[in-house]
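Peer 1: Before I ask anything, here is the structure I am working with.
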Amino acid sequence: MTANGTNTPTAADTDSQPARFYWLPPGLRPAAPMTRREERIFLLVGMAALFAGFDQNVYGFALPQIQAALHIPENQIGPTVTYFRLATFVAMLLALTADIVGRRRLLLFTVFGQAAFTLATAFSQTYPQFVWFQVLTRIFGYAEEMLCIVVIVEEVAASLRGWSAGTLSALTYTGAGLASLCFGFVNVLPGHWRALYVIGGCSMFFVAFLRRRLPETKRFEVRHAEVERLHARIGGALDLFRRIMKEYPGRIALLLIIAGAWGFAIGPATVLQNKYLQTSLHFLPWQTTLLSVPGGLLALWLNILMGRASDRIGRRLSLFIMMIVCGLGYTAFYSGLPGIYAAPLWILSFFAFFSADALLAALTIEIVPTAYRATVGGLRYMVEIFLGGVSLYLEGHWYDVFHDHGPAISVSLAAIVVALVAIFFVPEPAGKVLEDISHG
């Protein structure tokens, strides 16, 4: 008999049953039990993260084809990436409203917006049209990425938050891998590079249809009345930001120092790695793909395991280790070593990069209250992306000094030291109830 006195299971009964996670290999599944409800939320959020990763990486793969079709001058390729990254400022304001209207409502809005403008990008006829459509796409996509980790952290148990952050990050980069595979057929697809944006846009519309089943997070529902009183009292989103800075000045300052130093350090290293492989190490395009797909899959697997390990050894120590590995790995990768060493160094560095990025995203929203998580998470993301853009701009000047991308990129990597020092001044959230952390 079920809870309603009949033999027919109710939705509540099904939601409370143990999760299966058949879509993950046994060694990568959560170490502690989860419910069907938690698994469903994870899949709905994770699918959006996957196709967002697909969409945001199409430009990097199809740049030569896009450049030829839209007659983009060579000296506009770099500034184009800067234009895209300016979307983070508007995305931050959009994500901030999730602390007012709720996570579910805003996630539905962002996924529809991202789908619409991704599809519109496929029909761009001029360079300005392409840039505007992609900036609008990334406003919604960046806001979506800011919110996905908030939903996951608020829904899963304390012992699984590190695993969840790592797995969500792995899904995002799986989307990038799918973009790489689709790009392999770019010359036979109808519309060529435009077909990639059609695939991405239609996939996001499908996710939007499925996401109707996404419930609001329990923590936001429980504290909704409190959140409403808070926002009514402070009078809006910008006042909310000022209140955060007043109540948690030390934590916010530390988080922004870590995020800013980290973004500045790894911005050029991650964006220019494929260019460095081909121009400096003389990899052919097919060799670059052969490295990135299996190497990326190995890095994804290691990332999930690292997320699980952070639930045991602590978020701060895990983040510290991954940032050191990332910095040293990329420094060696860009040092001019022969190509035979490139594959293991790239895999190690790439794994450490997005493992550290996932851990930092989780830590950021774990140490602030429910009413502020979307806002602080978005602020961290905005600072990291923006200072990465600043570093990319400066890399061009350092290239004029060294006449080589390797040492020019390595200069930025030194900023990791600042992040490493700041890490151990923030509270340790691993294994603790969110409410205890935020009020500690």
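Peer 1: Tally the residues that are more than 15 Å from Phe320 (Cβ to Cβ) and of a type in the set (Asp, Glu), restricting the search to region 397-429.
Peer 2: 2
Peer 1: Consider Leu387 carefully, then state whether it is surrounded by 23 or more Cβ atoms within 10 Å (Cβ to Cβ), under 16 Å from the mean Cα position of the chain (by Cα) and either at pLDDT 80 or above or part of a loop (DSSP other than H, G, I, E, B) (or both).
Peer 2: Working: surrounded by 23 or more Cβ atoms within 10 Å (Cβ to Cβ): no; under 16 Å from the mean Cα position of the chain (by Cα): yes; either at pLDDT 80 or above or part of a loop (DSSP other than H, G, I, E, B) (or both): yes.
No; evaluated as a whole, the condition is false for this residue.
Peer 1: Inspect region 350-359 for any residue being aliphatic (A, V, I, L, M), within 15 Å of Pro429 (Cα to Cα), touching a helix residue (DSSP H, G or I) at 6+ places or on another chain (Cβ under 6 Å) and modelled with pLDDT under 85 and give the result as yes or no.
Peer 2: So far as region 350-359 goes, yes, one or more of its residues are aliphatic (A, V, I, L, M), within 15 Å of Pro429 (Cα to Cα), touching a helix residue (DSSP H, G or I) at 6+ places or on another chain (Cβ under 6 Å) and modelled with pLDDT under 85.
Peer 1: Here's something else I'd like to know. Determine whether region 94-102 contains at least one residue that is modelled with pLDDT of 75 or more and farther than 26 Å from Val156 by Cα. Walk me through how you get there before you give the answer.
Peer 2: Restricting attention to region 94-102, the residues satisfying the condition of being modelled with pLDDT of 75 or more are 94.
Next, from what is left, pick out any that are farther than 26 Å from Val156 by Cα: none.
No, the conditions are met nowhere in region 94-102.
Peer 1: So which residues in region 289-317 are β-branched (Val, Ile, Thr), touching a Gly at 6+ places or on another chain (Cβ under 8 Å) and surrounded by fewer than 23 Cβ atoms within 10 Å (Cβ to Cβ), if there are any at all? Spell out how you get there, then give the answer.
Peer 2: Taking region 289-317 and keeping what is β-branched (Val, Ile, Thr), we get 289, 293, 304, 313.
If we keep only those that are touching a Gly at 6+ places or on another chain (Cβ under 8 Å) as well, we get 289, 293, 304.
Across region 289-317, the qualifying residues are Thr289, Val293.
Peer 1: Looking at the structure I just gave you, is Val421 surrounded by fewer than 23 Cβ atoms within 10 Å (Cβ to Cβ), in a helix (DSSP H, G or I) and free of Cβ contacts under 8 Å to residues at least 24 places away in the same chain? Outline the logic, then answer.
Peer 2: Details: surrounded by fewer than 23 Cβ atoms within 10 Å (Cβ to Cβ): yes; in a helix (DSSP H, G or I): yes; free of Cβ contacts under 8 Å to residues at least 24 places away in the same chain: yes.
Against the criterion (surrounded by fewer than 23 Cβ atoms within 10 Å (Cβ to Cβ), in a helix (DSSP H, G or I) and free of Cβ contacts under 8 Å to residues at least 24 places away in the same chain), Val421 qualifies.
Peer 1: When the residues of region 163-179 are filtered to those that are of a type outside the set (Val, Ile, Thr) and over 19 Å from Ser203 (Cα atoms), which remaining residue is farthest from the chain's Cα centre (by Cα)?
Peer 2: Trp163
Peer 1: Which condition number in (1) of a type in the set (A, V, I, L, M); (2) part of a helix (DSSP H, G or I); (3) modelled with pLDDT under 80 is the one that Leu50 fails?
Peer 2: With respect to (1) of a type in the set (A, V, I, L, M); (2) part of a helix (DSSP H, G or I); (3) modelled with pLDDT under 80, Leu50 is out only on (3).
Peer 1: Considering only residues that are within 11 Å of Trp346 (Cβ to Cβ), of a type in the set (A, V, I, L, M, F, W, C) and part of a helix (DSSP H, G or I), look in region 261-297 and name the one that is modelled with the highest pLDDT.
Peer 2: Ala269
Each row is one residue, and each column tells you yes or no for (1) farther than 24 Å from Trp301 by Cα; (2) surrounded by 24 or more Cβ atoms within 10 Å (Cβ to Cβ); (3) under 20 Å from the mean Cα position of the chain (by Cα).
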position: Ser124; (1), (2), (3): yes, no, no
position: Val135; (1), (2), (3): yes, no, yes
position: Ala143; (1), (2), (3): yes, yes, yes
position: Glu154; (1), (2), (3): no, no, yes
position: Phe185; (1), (2), (3): yes, no, no
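Peer 1: What number goes with the only condition from (1) buried (at least 19 other Cβ atoms within 10 Å of the Cβ); (2) within 28 Å of Phe140 (Cβ to Cβ); (3) at pLDDT 75 or above that Ile244 does not pass?
Peer 2: With respect to (1) buried (at least 19 other Cβ atoms within 10 Å of the Cβ); (2) within 28 Å of Phe140 (Cβ to Cβ); (3) at pLDDT 75 or above, Ile244 is out only on (3).
Peer 1: Among the residues that make up region 43-60, is at least one of them surrounded by fewer than 21 Cβ atoms within 10 Å (Cβ to Cβ), in contact with a Phe, Trp or Tyr (Cβ under 6 Å, 6 or more places away or on another chain) and at negative phi?
Peer 2: No.
Peer 1: Touching a Cys at 6+ places or on another chain (Cβ under 6 Å), farther than 23 Å from Phe84 by Cα and surrounded by 24 or more Cβ atoms within 10 Å (Cβ to Cβ): does that describe Ala352? Don't jump to the end; show me each part of the working.
Peer 2: Working: touching a Cys at 6+ places or on another chain (Cβ under 6 Å): yes; farther than 23 Å from Phe84 by Cα: yes; surrounded by 24 or more Cβ atoms within 10 Å (Cβ to Cβ): yes.
Yes, satisfied.
Peer 1: Follow-up question, since we're still on this one. Look through region 402-416, keep the residues that are part of a helix (DSSP H, G or I) and under 25 Å from the mean Cα position of the chain (by Cα), and return whichever of them is surrounded by the fewest Cβ atoms within 10 Å (Cβ to Cβ).
Peer 2: Checked region 402-416; the qualifying residue surrounded by the fewest Cβ atoms within 10 Å (Cβ to Cβ) is Val411.
Peer 1: Of all residues in region 309-357, how many are farther than 19 Å from Ser410 by Cα and outside any helix (DSSP H, G or I)?
Peer 2: Qualifying residue count for the region: 1.
The values are calculated or read from the model by the stated rules, or taken from the named source; none is laboratory data. No experiment lies behind these values; they were computed from the predicted model shown. Every residue, glycine as well, gets a Cβ built from its backbone with ideal geometry; the counts of neighbours run over all protein chains shown.
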